C-alpha cells in the first residue's frame, strides 16, 4: 500500500491516492494535498464549502452524492466545480474530502 | 511450442482467422507493457479469474472523463502493467481518417503508452490501451497538439457516433455526419465532465438499415427515414427482372408487410403499409430509392444488459426534419436529459427510467404528444399511455 507524507504525518492511500483509513482525515490533510490535484495556493472558502458538503453527505449516506445533487444543493454549476477542482469532482474533490474512492465505471 | 510460456494463449493463434494474441506478441517485441499483458492474460486463463482490479480514478486536467483507470492485482509478477490505463480518443465522425492522421496518432501512442489500440470501441472511440499514470497528461497534451480530443466515459454523454452516411452511401436520408459532428461540438461539456446518473449514448444512422446499430446501442437513436412513396424506376425494375434476381421470391415474398406487388411487368408498392425495412431498396438499389421528403425518426431507450436487461430503442418522434442548426433536435435532447437527470437513480439508463415511471409520465415531462407510431415493436404491442382526461375528451 503506498504511503504519502503530508504536513508531517503519514497516510496510507490507494494507487489513485485516495485515503485508506477514512478516520485519519483532517483539514491539514486536505490543505496539504490540494496541490496534487492541481489547485493553486490555499483552499478557499468555496473549496471548503464543497469538501464539507461531501463529507456530510458521505457520513449520512455512505456514498458520494451524484454530481447534479452537488450542483443543486450548493447552487454552483459544473464550470465552477471544475474551476475549483480542475481534476474533477469525483477525483479531486472526493480525494481531498477523504471519501472512499467513488466506484468508477467505464 | 513445448517450451512456450503461454500455452493457453497459443491456442488462440491457431486457425486461419486473425488473432489478437499474434498482435500482442508482435507488440511485445517492442514494448514490455505488452509483454506483461500477455503474461497476466495467460495467468487469467490458467486461474480462470481476471487480474484487473475494479475501477480506478485517474484523469487529465479539466476533464472528468476520457480516461479509465486500470491496475493489475499482481504487480509483483507483472510490474509493467501495474498501471494500465485506457484512454478514449474521439474518432472523426464516420471514421474517416487520412493515413497521416493515423500515423500521428500511433506515434503519440508509441511514445506514451503500450502501443496497443482497439480500433474502435463499441461507442466508436479510438481506444488506447495501457498507459502509466505519469504519462496521462503528456499523452493528452500531445494528442491535443495533433488535433485529437478525448471522448466520453463514465456517467457522461458518450462520444456520439454516426454511420458513413452521405460520405459514401446513396441511401442516406439525413446528413448523419453533420448531425453527429454538430452534436459532438455542442455537447462538449456533457462529454468531458460527467454529471448524469449514468452513461448517455447518441448514435446517428442515415437510413433505416441502421449501420451503427443505433437502435440497440444508444439511449437516443436518430435514424434517417422518408415520408411518402419509395421512388421506383420501372425501367430499372425490368432490367433487374432480366437479371438473376427473382423479384417475386426474393423481393416481394420477403417483404415483412407484404406491401409489394409484381405482375412480371410493373412493380407496385403500397407505401402506406411499408415499414421501411429497406429490404427491397437494398436488393434493387438502381430501381428503388427512398422517398423524396426526408428526415429522421427519433427513438429512445436502447441499451445493453447491465443492471437490467437489454432494451431496443422505441419511437418517440416518427418524423423530424433535420437541418442545421438542429434546434428542434437539441431542444428535445436537452428536455429528455433534464428529466432523466432529475429523476434517474444512480446507474439508471434512460430506457430503464421510462420503464419505471411510465411512458406517459415521460411524454408529459418532455412535452411530446402520444401518437400511434410510438410502439414497442412495429405494428404490434401499442402502448396505452393516454391520460384519463384525454380519453374523456375523445369520447365527447
GNM of chain A, Cα pairs under 10 angstrom: of A:93, A:32, A:64, the biggest fluctuation goes to A:32
Along principal axes, largest first, the alpha-carbon spread of segment A:3-96 in whole Å comes out as 36, 30, 22
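Tell me the mean residue ellipticity at 222 nm calculated for chain B from its helices only (DSSP H runs of n ≥ 4, each -39500 (n - 2.57), averaged over every residue, nearest 500).
Roughly -9500 deg cm²/dmol at 222 nm, from the helical runs in chain B.
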Mean Cβ-within-10 Å packing, highest first, puts peptides B:30-42, B:121-133 in the order B:121-133, B:30-42
Across B:47-59, the residue-averaged tally of Cβ atoms belonging to other chains within 10 Å stands at 4
Restricting to Cα pairs under 8 Å and 6 or more apart, the percent relative contact order of chain B works out to 11
Distance in Å, no decimals, from the C-alpha centre of segment B:189-263 to the one of segment B:12-76 is 38
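Just counting partner chain Cβ atoms within 10 Å, what average do the residues of peptide B:197-206 show around their Cβ?
1
Here, each number is a calculation from the coordinates, and none is a lab measurement. None of these values were measured; they are calculated from a predicted model. Neighbour counts are summed over all protein chains in view; Cβ atoms, including those assigned to glycine, are modelled from backbone coordinates with ideal geometry.
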